[in-house]
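Inspection log for the structure reproduced underneath, given as structure tokens.
The values are calculated or read from the model by the stated rules, or taken from the named source; none is laboratory data. Note that the structure is a prediction, hence the values are computed from the model and not measured. Quick reminder, even Gly has a Cβ in these numbers, built from the backbone with ideal geometry, and neighbours come from all protein chains shown. When the accessible area is computed, the model is the full protein with side chains, heavy atoms only, and any ligands, DNA or RNA have been set aside. Shrake-Rupley method; radii C 1.70, N 1.55, O 1.52, S 1.80 Å.
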Amino acid sequence: MKTVTLTINGQAVTVNEGTTVFQAAQAAGVFVPHYCYHPDLSIAGVCRMCMVEIEKVPRPQISCNTVATEGMVVRTDTPKIKDTVKGVLELHLINHPLDCPICDKAGECKLQDFYQSYGLYTSRMEHEKVHKPKVQDIGTIVLDSERCILCTRCVRFTDEVTHSNELGIFNRGDRSELRTYDEGPLKNDYTGNLADICPVGALTAKDFRFQQRVWFLDKTKSVCTMCAHGCNTAVSINSSTKKLYRVEPRRNPEVNQSWICDTGRWGIHSLTENRVATPLKNAGGFLDATWNQAFSEMKRAITEAPEKTLVFLSTAMTNEEVVDVCQVMFALGVKNFSWLVDEAVVSETQPFDGILKHHDLSANARGTAEILKRLGLTNLGMKAGIDKVKTQPLSQVVAVGLDAAQGPLWVEVAAVIPTTTQSFVHATNHHPSFEAAKWVLPNTTSFEKTGTIVSALARVQKVNRILPAQGLARDSHALAWGISRGDDRSVPSKERAKTIFESSIQSWFCPGEKFSQFNEMGVAL
Amino acid sequence: MKYEFTPERMKEFQKVKAKYERPRSALLPALYLAQEQWKFLSDEAIQYVAGLLEMPAREVFEAVSFYTMFRKKDMGKYCLQVCNNITCTLMGSEALLDLLHKELDVGLSETTKDGMFSILSVQCLGSCGTAPVVQINENYYENMNCDRLKITLQQLRGTT
Amino acid sequence: MKLLAPERRIILKNIETPNLHQLSVYQAAGGYQTARKAVAMNPDAIIEEVKKSGIRGRGGAGFPTGSKWGFVPFKTGKPIYLLCNADESEPGCFKDRLLLERNPHQLIEGIIIASFAVRSLKSYIYIRGEYATAAKVVQKAIDEAYGQGFLGKNVMGSTHTIDVVLHRGAGAYICGEETGLISSLEGKKGYPRLKPPFPAVSGFLNCPTVVNNVETLSTVPWILANGGEAYATYGTEQSRGTRLFCVSGWVNRPGVYEEELGCTLRDMIDGHAGGMKEGAKLKAVIPGGSSTPPLTPEEVDKATLDFETMAKFGTFLGAGGIIVIPDHFPLLKLLERLTEFYWDESCGQCTPCREGTGWLYKMMKAIEHGKGTAQDVANLQKTANQMMGVTICALSDAAAMPVLGFLKKFPNEFKSAREHT
Amino acid sequence: MSGRSLRSRSYLWPIFIGMWITARHLFFNLFHMRCLPTIQYPEQRRNYSPRFRGLHILTVKQNGDIRCTACMLCATACPAACIHITADEHPDPNVEKYPREFNIDMLRCVFCGMCEEACPVDAIRMGPGYELAGFDRNDFIYTKDDLVKNGNNTLSHVTHH
């Protein structure tokens, strides 16, 4: 690939041929203000903010559409450019409503940001602003076309990514108005991304409406575990109230560009209701019990009849948890392992809707399968495992690390539980099918644990703990440790995950990666 | 009522569509045909045209709202379009507008109760040499003045 | 008073012939001979001839037509399109309408020659929606031409195919801009496109496209018939040939006049247009259509109608729309109408133009109604400057330049507003 | 017992001197009540300067609607983090956002006035009220209604343009 070298603000930059001046500036770490440019959308060139001065070109040029050529001299900080950007910004703002106090975007709104760095003028607009329809409910998103600066990011999104052609700009001139063409609700699974890419508060998520001010939120990088695609996310919580407010996409050109689906974004709320809070012993009805009793019971049951025990490994567990559980169970003599996955769809590696969604809801199916192979344990597979319990009296079942995100898989496991003498279900949420289980133990969700997972795209990515465990929930590390010791002395899960990562996962899946500074973009298997 | 072109109009549409490399290029002619048949472009008419041209309905709605000559609501039998640009204003088009408002007693882009006339203020019609000009439906009435406008109104009323 | 003699006219040579719009009459006057000659020539020779004539685009930009044709990459294998821009919506201009209604065959002959020269097999005439009668006349002329085999397959016995399609616009000034026209022709809103890529490289359906004005194409037959040098003898060194001027406003004989480039503005107003109506005093002249800054009476006396002199006076020849403003007409009213025009016609794609035109109009309306303040006048200047040179197409500049021109050359018109704080 | 005179050691004399000074003040004040600095609180009250930062007030618009738009700037500016607001959708779509709850924990408030300065719509002010006694810690959590009620009886209705 031929490269070109140009100088930006006196700094030499070498980029591939065909990249635009804007991307070259970004590569050189020079920030150029912009509204309509988005790395994963086509070039619109309508906001006119990314003006730069190019030697031997009389007028300032927009950098998002100008291709960098050899020996080009570009300046982004001359007084002329500062004035031009200030002038363009002022024209962006003259008809913008003064909604900052009630606008959810305040704090991360690009009009505010660029006003602070490029504007700082006193407004000269004394005439009536142009009024357009204000609060409009378009399904999962609230549209306020008065705030809209018509940068067309959302229009391009519904054209180029979801191909649903729902949003358009109607009328002409400053009467131009953004709305869905039939004024009906949005009908695609990726509407949440509209609220992210909208640089202002015209499109805001109904789920986050008036919930919290963004400057109270802390973001942590993580990975979505609601399906096998492993989209990179950034989860925002209020660290003082430990409340989870928002899951946003994090750009990863290899995996999910800059998008996540609405299930991954808003599905988390359904997971926070009716969580299993304490270990429950089933004596005619569920009674609260302690982890101590649970662990001693489990150790006793498993050591009594290891060959009769079947361990269901949920594919929502991290690699480290799977290794931990398998090693402990193997040490206790258990031979029968089977992963909990919808085998019909687990082999699908590409999203079925051509964008992100997968039928396979498991987060770490490939990791689990790979680890069982590496540990030399046979993976019976879910159907075979269940039949083994029905036919040959495998009397004891231990279902480890179940996550509500796995959805309907539990029903099949539950059908088997009544025939067993001893059953332990380690799950995040209650589910009617657990009535027959002897023990139900609280599991942590993917927001409450740290570890690596392998997505359907065979990419090793790291899930980071965002919230403390809810109630008495314990992750599978603590479970494995508890079973091996038979009592409840607490165990630092993170250190355990780190040691297991360094001892096995690192060499198997991602040599050279360190647990704490794991590659944010993930590593191919 | 089922929104469809009459057979001859459909034949005309197919003839026009064949002239273009891509069906969607025939958007404006198709909208003209639709406006000819239903007098204005209702949502159903626009959906029908979008289907004919195999293009997203959004883009047809956008185009209809973009171009000034497409009517989104029923207008009068005669659209009195008075040019409001420089030369026509210099030559007295404002007097014509005042006369129309007084005579028909409706405001701008409104239709008289009997559905006969609508008054529109439009941009330059390319007839500055013979200003002021009033376009009624598709015909230009040039070198217009108040008296001739009154006479024209009578004539138009007379022809119903 | 040096006026172009009727027999030396080029475009309007036989405009007075009755029924010239009919093919038979046009042929009787020597029509289509040049086209027949052209299709037998080598296309590059035609381009060379047009280059030698030095003719520059008559639509308003004034880009040399010869070089415009020369930019087209002929060997890309993609079809090449020739678009005739008949969307004439510039306030003050009505010359294309005259040509379309009275002499459509001259345009068609020009299109045949131009299409042959740039190897285009398909061309569109994008006519403005309001010109309904002109559209009917042109469509009939096209059908006649097809009937005679001047269009379609094996044009005039050659192996070349040239199809011409009339496409009616629907009321959008912005579709007069090259790339706005192309977007409209592709069944979209008339949004101008980012340049680069320029239309010559990737225009209609991303194929090489040449867009020429009606008048430019109508001149091509004469140029080919009499040779480029003959055309170059007309006009001045940098502004060759003749062009149509539309004189309107407070003159005795408003109308379309063909005149050699370089003739004085005074001759045009007093000679062709019969001087000021009712002996009124001249206040200002808009030389090239609404987007060109005005000329003061003193400048009018010194100005000659050609590209270079107009530039000296800080204005442009534009599309040739000369609007003569009498003393009794308030310029604030004119500016209010002008800013309303650009506010109404801005396509709204780029922010500076979309919001700027609206703001200019609001300020002008306030000033015109006597409610304007000194702040408004200062804002007018600053906003107009902010709108210059920052958008995809030139409408933003076209909206700002007249305002700046009037502010600079007619400051006392704004005096009443300035005192009003 | 050196260095102390017989009189001071005799104990009765200093008592007498002390009583004498007290009686002098007593009888002087008894007959010159007017120039006494003390006031009869609560019947009489000291008037503080208008800039006195006392108990908060949530101002209201002319139609009685609370002026606060729940923009959280006061909560952000508050050094003691004692303002807790939960926003909600206002029934009137033109207003859009209003505080469903607006609690100030007076025990934490340092009465610095940062909230008053941060507020973009002059919805919160520090009024002249300084009687903040309460029997229970929860009494000190002033809710929205308390703060609005506080405004009504303290401020003569401030006209807002």
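What to note about this one:
- In a residue-by-residue description of region C:347-362, the property of being within 14 Å of chain A (Cβ to nearest Cβ) and of a type in the set (F, W, Y) applies to at least one position.
- When residues of region A:279-312 are limited to those that are farther than 20 Å from A:I417 by Cβ and hydroxyl-bearing (S, T, Y), the one surrounded by the most Cβ atoms within 10 Å (Cβ to Cβ): A:S296
- When each of C:N379, C:N412 is tested for being part of a helix (DSSP H, G or I) and touching a Lys or Arg at 6+ places or on another chain (Cβ under 7 Å), the lone residue that passes is C:N379.
- The set of residues in region C:84-103 being outside any loop (DSSP other than H, G, I, E, B), within 13 Å of chain B (Cβ to nearest Cβ) and surrounded by 24 or more Cβ atoms within 10 Å (Cβ to Cβ) consists of C:A86, C:K95, C:D96, C:R97, C:L99, C:L100.
- Qualifying positions in region A:126-148 - open to solvent by 30 Å² or more (accessible area, probe 1.4 Å) and either without any contact (Cβ under 8 Å) to a residue 60 or more places away in the chain or within 11 Å of another protein chain (Cβ to nearest Cβ) (or both): A:E126, A:H127, A:E128, A:K129, A:H131, A:K132, A:P133, A:K134, A:V135, A:Q136, A:D137
- Scanning region A:270-288 for residues that are in a loop (DSSP other than H, G, I, E, B) and either under 19 Å from A:V400 (Cβ atoms) or over 34 Å from the mean Cα position of the chain (by Cα) (or both) yields a count of 7.
- Hey, D:A77 surrounded by 11 or more Cβ atoms within 10 Å (Cβ to Cβ) and closer than 24 Å to D:L132 by Cα or not: yes
- Some residue of region B:147-158 being open to solvent by 20 Å² or more (accessible area, probe 1.4 Å), in a helix (DSSP H, G or I) and among the small types (G, A, S): yes
- Filter result for D:I57 (in a strand (DSSP E or B), touching a helix residue (DSSP H, G or I) at 6+ places or on another chain (Cβ under 6 Å), farther than 16 Å from D:N150 by Cβ and open to solvent by less than 50 Å² (accessible area, probe 1.4 Å)): no
- Pairs where the first residue, in region A:215-242, is surrounded by fewer than 16 Cβ atoms within 10 Å (Cβ to Cβ) and the second is assigned to a loop (DSSP other than H, G, I, E, B) and hydroxyl-bearing (S, T, Y), C-beta under 8 Å, 6+ apart: A:D218/A:S239
- Residue satisfying condition, being farther than 26 Å from C:K13 by Cβ, buried (at least 23 other Cβ atoms within 10 Å of the Cβ) and in the same structural domain as C:T209 (by TED's automatic domain parsing), within set C:Y131, C:Y81: C:Y81
- Candidate set: region B:49-68, residues that are out of contact with any Lys or Arg (no Cβ under 9 Å at 6 or more places or on another chain) and more than 17 Å from A:G168 (Cα to Cα); chosen: the one surrounded by the fewest Cβ atoms within 10 Å (Cβ to Cβ): B:G51
- Of the numbered criteria (1) touching a Cys at 6+ places or on another chain (Cβ under 6 Å); (2) farther than 25 Å from C:F198 by Cα, the one A:I43 fails is (2).
- Residue in region A:254-269 that is farthest from the chain's Cα centre (by Cα), counting only those that are of a type in the set (D, E, K, R) and open to solvent by less than 60 Å² (accessible area, probe 1.4 Å): A:D262
- Against the test of being open to solvent by 70 Å² or more (accessible area, probe 1.4 Å) and either assigned by TED's automatic domain parsing to the domain that holds A:V323 or part of a strand (DSSP E or B) (or both), the options A:L472, A:L479 yield a single qualifying residue, A:L472.
- The residues of region C:245-255 that are outside any loop (DSSP other than H, G, I, E, B) and surrounded by fewer than 24 Cβ atoms within 10 Å (Cβ to Cβ) amount to a single one, C:G255.
- The criterion of at least 2 residues that are among the aromatic types (F, W, Y) and within 14 Å of chain B (Cβ to nearest Cβ) is met, among strands (runs of 3 or more DSSP E) falling completely within region C:104-219, by C:122-127.
- Residue list for region A:447-459, restricted to those being open to solvent by 10 Å² or more (accessible area, probe 1.4 Å) and not in a loop (DSSP other than H, G, I, E, B): A:F447, A:E448, A:R459
- If you filter region A:1-25 down to residues that are over 11 Å from A:T76 (Cα atoms) and in a loop (DSSP other than H, G, I, E, B), you find that the one that is modelled with the lowest pLDDT is A:M1.
- Condition check for A:K187: more than 30 Å from the chain's Cα centre (by Cα), within 28 Å of B:A45 (Cα to Cα), part of a loop (DSSP other than H, G, I, E, B) and within 14 Å of chain B (Cβ to nearest Cβ): no
- Residue match in region B:46-66 (condition: more than 12 Å from every other protein chain (Cβ to nearest Cβ), farther than 25 Å from C:Y342 by Cβ and polar (S, T, N, Q)): no
- Residue check, C:I286 within 11 Å of another protein chain (Cβ to nearest Cβ), out of contact with any helix residue (DSSP H, G or I) (no Cβ under 7 Å at 6 or more places or on another chain) and touching a residue at least 60 places away in the same chain (Cβ under 8 Å): yes
- Taking region C:277-310 as the range and being more than 20 Å from C:Y234 (Cα to Cα), out of contact with any His (no Cβ under 9 Å at 6 or more places or on another chain) and open to solvent by 30 Å² or more (accessible area, probe 1.4 Å) as the test, the residues that pass are C:K277, C:E278, C:G279, C:P297, C:E298, C:E299, C:D301, C:K302.
Residue-by-condition table, conditions (1) away from chain A (no Cβ under 14 Å); (2) surrounded by fewer than 14 Cβ atoms within 10 Å (Cβ to Cβ); (3) of a type in the set (A, V, I, L, M, F, W, C); (4) not in a loop (DSSP other than H, G, I, E, B):
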residue: D:R53; (1), (2), (3), (4): yes, no, no, no
residue: D:C71; (1), (2), (3), (4): no, no, yes, no
residue: D:Y98; (1), (2), (3), (4): no, no, no, yes
residue: D:F102; (1), (2), (3), (4): no, no, yes, yes
residue: D:D122; (1), (2), (3), (4): no, yes, no, no
residue: D:G129; (1), (2), (3), (4): yes, no, no, no
residue: D:A133; (1), (2), (3), (4): yes, yes, yes, no
residue: D:D139; (1), (2), (3), (4): yes, yes, no, yes
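- The listed residues are A:V73, A:V88, and the only one of them that is open to solvent by 20 Å² or more (accessible area, probe 1.4 Å), away from chain D (no Cβ under 14 Å) and either at pLDDT 95 or above or touching an Asp or Glu at 6+ places or on another chain (Cβ under 7 Å) (or both) turns out to be A:V73.
- Residue match in region A:338-346 (condition: open to solvent by less than 30 Å² (accessible area, probe 1.4 Å) and on the phi > 0 side of the Ramachandran plot): no
- Being open to solvent by 20 Å² or more (accessible area, probe 1.4 Å) and in a helix (DSSP H, G or I) is a description that does not apply to A:D182.
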